[in-house]
Amino acid sequence: MAGHDDARGEAVEEFLAKSLLLRECDATVIAKVTPHLMISELPAGATLVRAGSPSDGISILRRGRATASLVHATTGASTPLETLNVGDHFGDVGALTRAAHPYTIVADEPCVVLRMKPELVEALMARVPQFSLAIARRLAARAVQLGVITLRASSAPATGSALRAPTPAIGVEVRRPAPVSPSEGGSAAIPFVEVSDFEPGARVIGMLPTKLILQHRAVPLRLQGNRLLVGMVLPRHAAALAELRRVLHTVDFEVAAISLEDFAQTVQRFKLDAVRGAESTRDSIAVISPESLAYDAADSEREPEKGVRVVGDEVVRAVNRVVAAALSRDASDIHIEPEAAGVKVRFRVHGTLHDWSESLPPSFARGIAARLKVLSGLDITNTRTPQDGRIGLTAGSRELDLRISTLPSSRGEKVVLRVFEGSGMMRPLEQIFSDAGSLGAVRKALQRPHGAIIVAGATGSGKSSTLYSMLNERRRARPDTNVLLIEDPIEYRLAGVTQVQVHAGLGFSQVLRAAMRQDPDVIAVGETRDAETARMALEAAMTGHLVLTSMHANDVGSVLQRLESLECGRTLIAEAVSFVVVQRLARRLCPSCVRLDPPPPALLESLVARRLAERGSQVALPRPVGCDLCQQTGYQGRIAVVEWWQVTPEARDALAAGASHQDVLRAAGEARMLQTFRHNAAYLMARKALGTSEALMAVAG
Ligand SMILES: [Zn+2]
C-alpha cells in the first residue's frame, strides 16, 4: 500500500493530482484512491509489462523513465512505441480490453510505479467521468501517434495543424482520399494504406537510403512521373518529414500512413535490416574480428587451470564470434537463448532486436553460458538462480564493459549481455556543474590531499556518474596518485584506477580495510550504506587520504543526519568531511526553441513562495515550446540542479561544539560556503536551461 509520503518528500496525493490520469479528478477521489495503490520500485532494465501477460490494472510512473515496445509475435523483433515519463500511465489497453498486454514496457532507469488493481480501475471508470476521459484522451493521443487514426478539426482551418485546433473531433479515417503533399501542412487527413497495395520494387524502395527507412519508418511506395508516395508509420512526425523533404528534394513527395506491422514485414521482405548491418559497418563502426578481443587480465585470471577447463576451444571461439558480431553491428544488447533447434542469438541494434544469421548447435548452450560466467567471475556450478556480473574487454581501440545477467529457463540458462562503452560515458565536470562557482568549489575539494567528498542524491539522480567524473578529473590532474575504487557493481571502467567489486562475503568495509594496506592516495567507495563503511571511510579521510563516496540523501542537511544515524560521531564528521554535493536531475530546456514569457499569475505565486521570483516582478522566465530538434517536447537531455557545502574551519568548530545542523548551514550560507538548490535553480533559469516548472520541482525535491 502506498503511504502518504515517500522518500522524496512529495506526498503521493500531490503527485497524483499532477498525473495525466488523475489530474482532472477531485481531491476527494484522489484521497480515496491513494491508500489502494500498490507501490513498487524496479531497477533499470526491469520489465514493467510483458507482452502477452494478463492485464493487472493501470500503473502510473512515479519516478524514472520507461520505453513501450511492440514485440512481433513470431519474429520476436521489437519496435519502440513511445517513451513513458513521470506522471504517464500504462496498462490501460489491457485493462480496457480485459485481454493480455499488447506491448512490452522496460524501465530505462530505476522506476517507481504506482499500480491500481483492475477492480479499482473498473470502479473508477463507472463512477468518475474525469477518470474515463483521461484514459480516452491518452488512447486517442497514442492512436494519433501511431498514425492509424486521424484527428480532424471540426472546422478544418486552412493552415496550421489539426492537432493544435481547440476542439478537435476524433474519428477513424475510413475513406481513402488522394494523398496529400506534406508541404500542405497537417490539416488535411492522411490516408491509411497497405504496402502490398502498391507492390513497390527495389528501385522505388531504393529512392530512400535504408538508414532513413529504418530511422523514420518510412517506405517509398510508388513513383508516378515526378511524384513519390511514401508510407510512414508516423506520418506527422515533423522532424522525419523535414529530413525526407531534404533527401528527396528532386521529387514531389506525398505521405500516407502505414501500420507498424506492415512496415516490419516490408523491412523483412526487402532484407533492409541486413543491408543496414553492412552499411553501418562500412560507415562508422569498424568491423571487429573475433581474434582481436582481449578480456581484462583480472577476468582471464579467473579462468581455471587448463586441466579443469570447463569449455572447449570451439565454444570459446563461438563466444568471441558472437561478441565481435554484436560490436560490429553497434548492438546495445546481446540475447543468448537455448532452444530445441540450437542456441538462438539476437542483437538489439538501435532499439530493435535482430536474429543473428549464424546458428549454433544446441550442444553449445551450456558451454556458452559457462564461458561467459567464467569471464565474469560468476559461479558456473549455479544454474538455478539468476546471477549478475560484468566482463571488461578491449576491442581494438574501444574499452568496453559487458554487463551480464543470467536467467534460468526450462531449456537452460538465458544470458543477456548489455554493452557499455568504457570512458565514453564520462562527462567532464563542466557539463555537470555549469556555473563557475560550483565548478570552482568542486575542483578545490578535489585538489586537497585528504578529506571526504560526499556526493548525494536520490536513486537515479546521476550521483554515481558524477562520482566517476570527479575521480576521472582527479586522476587526470594528478596522474601520479594511486586511486582505488570499490563498488557494487562496477558501473564504468576507469583507466588508471584499480577497481574492486564488492560481492557476497566481501562487503564494502572488508574491502576498505584491505584497501588501506595498499597505500592508496585516493579511495572511492561506490556507495556508503552501512555504519562500518561510513566510519571507516571518514577515518581514512582523516588519515591522509582523499575519500570520495556517494550516499542516498536528499539535501546537505540530510547527509549530516544520515552520517549521524550511521553512528559517525560529531567530531569525526566535523574533522573528516570537506565537501558535500547533492544533486537532483531535471529536464533541460531545448536551447533552440526556449522562449521567455512572463509567467501566469498562479505560477508566479508558486515561484514567489519558493523564492525563485519576486512578487510583482514583470520579469520574463523561460518556458518550453517544442520544435523539430526536440521532437516537439521543448526539452533536450537533462541537467543536474545541485546544492553544495564547502566545509570551513569555522563550520568544523561549530559542528564539533554541538551546534545544530541548521545553525551550521545557515552560517555557511551567509559566508557563501553553501549554495542551495534554490540558488542553483535560479541561476539555471537565468541561463534559460531550466524551466519554471522544473525549477519548482527541483527546489521542492
Ligand atoms: Zn526544441
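Check which residues have an amide H placed less than 5 Å from R222's amide H, if you skip close sequence neighbours.
Amide H to amide H, under 5 Å and 5 or more residues apart or across chains, R222 pairs with L229.
Quick one: if you stick a label point 7 Å off each Cα along the C-beta vector at M125 and Q662, how many nm between them?
Here the modelled spin labels are 5.0 nm apart.
If packing is taken as the mean number of other Cβ atoms within 10 Å per residue, what is the order of 647-659, 578-590, highest first? Each step should come with its number before you reach the end.
Details: 647-659: 15.4, 578-590: 23.7.
The densest-packed peptide leads the list: 578-590, 647-659.
Tell me, what is the Rg over Rh of region 191-274, with Rh the Kirkwood radius over Cα pairs? Mind showing how you got there, number by number?
Values: Rg = 11.3 Å, Rh = 12.5 Å.
Answer for region 191-274: 0.91.
Which of the lysines could a cross-linker bridge to K117, judged by Cα under 19 Å and excluding same-chain residues fewer than eight apart?
List returned: K32.
Over the Cα atoms of region 575-659, how large are the radius of gyration and the largest Cα-Cα distance (Dmax), in Å?
Values for region 575-659 (Cα only, Rg and Dmax): 19.1, 58 Å.
Tabulate in residue order the Karplus-calculated ³J(HN,Hα) for region 29-38, using 6.51 cos²θ - 1.76 cosθ + 1.60 with θ = phi - 60°, rounded to whole Hz; enter x for Gly and Pro.
Karplus values, whole Hz, x for Gly and Pro: 5, 4, 4, 6, 6, 3, x, 9, 7, 9.
So for region 12-146, what percent of the C-alpha to C-alpha distances run longer than 26 Å?
Details: 1544 of 9045 pairs.
The calculated P(r) of region 12-146 puts 17 percent of pairs beyond 26 Å.
On a full-extension model of 0.36 nm per residue, what is the gain between L439 and E261, subtracting their alpha-carbon distance, rounded to one decimal in nm?
Stretched fully, the L439-E261 segment lengthens by 59.1 nm.
Considering just Cα atoms, how many Å³ per residue does the convex hull of region 340-384 enclose? The partial results should precede the final answer.
Values: hull volume 5.1 nm³, N = 45.
Taking the convex hull of the Cα positions in region 340-384, it is 113 Å³ per residue.
If I take the Cα coordinates of region 308-399 and project them onto the principal axes, what are the three extents in Å, biggest first?
Each principal axis gives a Cα extent; for region 308-399 these are 36, 33, 26 Å.
Going 7 Å from the Cα of R137 along its beta-carbon direction, which residues of region 20-49 have the amide nitrogen within less than 16 Å of the resulting point?
20-27, 30
Structure shown: which of K373/K463; K344/K414; K211/K271; K373/K414 lie over 19 Å apart, alpha-carbon to alpha-carbon?
Numbers: K373/K463 29 Å; K344/K414 10 Å; K211/K271 13 Å; K373/K414 12 Å.
Too far apart for the 19 Å limit: K373/K463.
Amide H neighbours of V577 under 5 Å, at least 5 residues apart or on other chains, H built in the peptide plane: list them.
A452
Name the long-range amide H neighbours of A11: under 5 Å, sequence gap of 5 or more, or other chain; modelled H, no Pro or chain starts.
So A11 has HN proximity to no qualifying residue.
Can you run phi through the Karplus equation (6.51, -1.76, 1.60; θ = phi - 60°) for region 620-629 and list ³J(HN,Hα) in whole Hz, with x for Gly and Pro?
Per residue, the Karplus-derived 3J(HN,Hα) values read 7, 10, x, 9, x, 10, x, 8, 4, 5 Hz.
H450 to T383: FRET efficiency via 1/(1 + (r/R0)^6), r the Cβ-Cβ distance, R0 45 Å, to the nearest 0.05? Could you put the intermediate results ahead of the total?
Working: r = 47 Å, r/R0 = 1.04.
FRET efficiency, H450 to T383: 0.45.
Applying the Karplus parametrisation 6.51 cos²θ - 1.76 cosθ + 1.60 with θ = phi - 60° to the phi angles of region 582-597, what ³J(HN,Hα) value in whole Hz is obtained for each residue in order, glycine and proline being reported as x?
Calculated HN-Hα couplings, in order: 10, 10, 10, 8, 9, 7, 8, 5, 5, x, 8, 10, 4, 10, 9, 9 Hz.
Just to compare against my own numbers: the Cα pair-distance distribution for region 449-576, 5 Å bins, whole % per bin, please.
2, 11, 23, 26, 22, 12, 4, 0
Using the beta-carbon distance between Q268 and A477 and R0 = 60 Å, what value does 1/(1 + (r/R0)^6) give for FRET efficiency, to the nearest 0.05?
Numbers: r = 52 Å, r/R0 = 0.87.
Using R0 = 60 Å, I get an efficiency of 0.70.
Any read-out appearing in this document is the output of simple, stated calculations on the displayed coordinates, not a laboratory observation. Computed from a predicted model, the values in this text were never measured in an experiment. So basically every Cβ, Gly included, is an ideal-geometry build from the backbone, and we count neighbours across all protein chains shown.
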